[in-house]
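Have a look at the structure below, then the notes.
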Amino acid sequence: MADTNWVPIAAYIAAGLCMGIGTLGPSLGQGFIGGKACESIGKKPESSNVVFRTMVIALAFVESTAIYALVISLILLFYVGK
């Protein structure tokens, strides 16, 4: 039986799962934020500038968790998977 090193295989699988699961929450959150912003602008069009700025800041915070998932996946691929 061949001596197989399972660490790189597990790192590749973990990196894929990290990106798949780690981006699921932020994508749902971004859709929710965008939908509520459009709903709010539809109800009060005069507040569109304030709502837009607040929405962009909220989207930046939500996107940071997806970036953390990307960083962890890259660490798994390039450092652990060797």
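The table below gives the values:
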| quantity | calculated |
| --- | --- |
| Given (i) 1.02; (ii) 0.99; (iii) 1.29, the label whose value is Rg/Rh (Cα atoms, Kirkwood Rh) derived from this model | (iii) |
| Fluctuation leader among Gly35, Gly25, Gly16 - the chain, Gaussian network, Cα springs under 10 angstrom | Gly35 |
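FYI, it's all coordinate maths here, none of it is from the lab. Small disclaimer: the values here were computed from a predicted structure and weren't measured.
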